[in-house]
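What follows is a single structure, written as structure tokens, with notes after it.
The values are calculated or read from the model by the stated rules, or taken from the named source; none is laboratory data. These numbers were taken from a predicted model, which means no experiment stands behind them. SASA here: full protein model, heavy atoms, side chains in, ligands and nucleic acids out. Shrake-Rupley method; radii C 1.70, N 1.55, O 1.52, S 1.80 Å.
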Amino acid sequence: MSTAMNFSSKSFTPRPPDKGAFPLDHFGECKAFKERFMECLRQSGYESAACRQSAMAYLECRMDRRVGQLMANEPLEKLGFKDLINEKSEEKPEKS
């Protein structure tokens, strides 16, 4: 009885994760947003819920920077910011 296994019959094709991994921001296009977010985290004792506005601004920056393809466009609602978007629209004065 042979204990050798034949692994050549199946091939594995790697693919990048759908979400959760970003290319590095080599040109620092969103560095200011990242620094604001990190400062917020330090001031809040690393309580991420207190820094959701900063996190949303950082992700918006990454999606807007298409040259470096820092992040694919994704609706902010799908990224967990629906409540902040609703707050933004309520703050805007109505035009009459």
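Which value in Å is the Kirkwood Rh of the range 30-89 over different Cα pairs?
12.1 Å
Relative contact order for the range 30-89 using alpha-carbon pairs under 8 Å, separation at least 6, rounded to a whole percent? Here the relative contact order equals 24 percent. Here the accessible area of the range 30-89 is 51 percent carbon and sulfur, with a 1.4 angstrom probe and all protein chains present.
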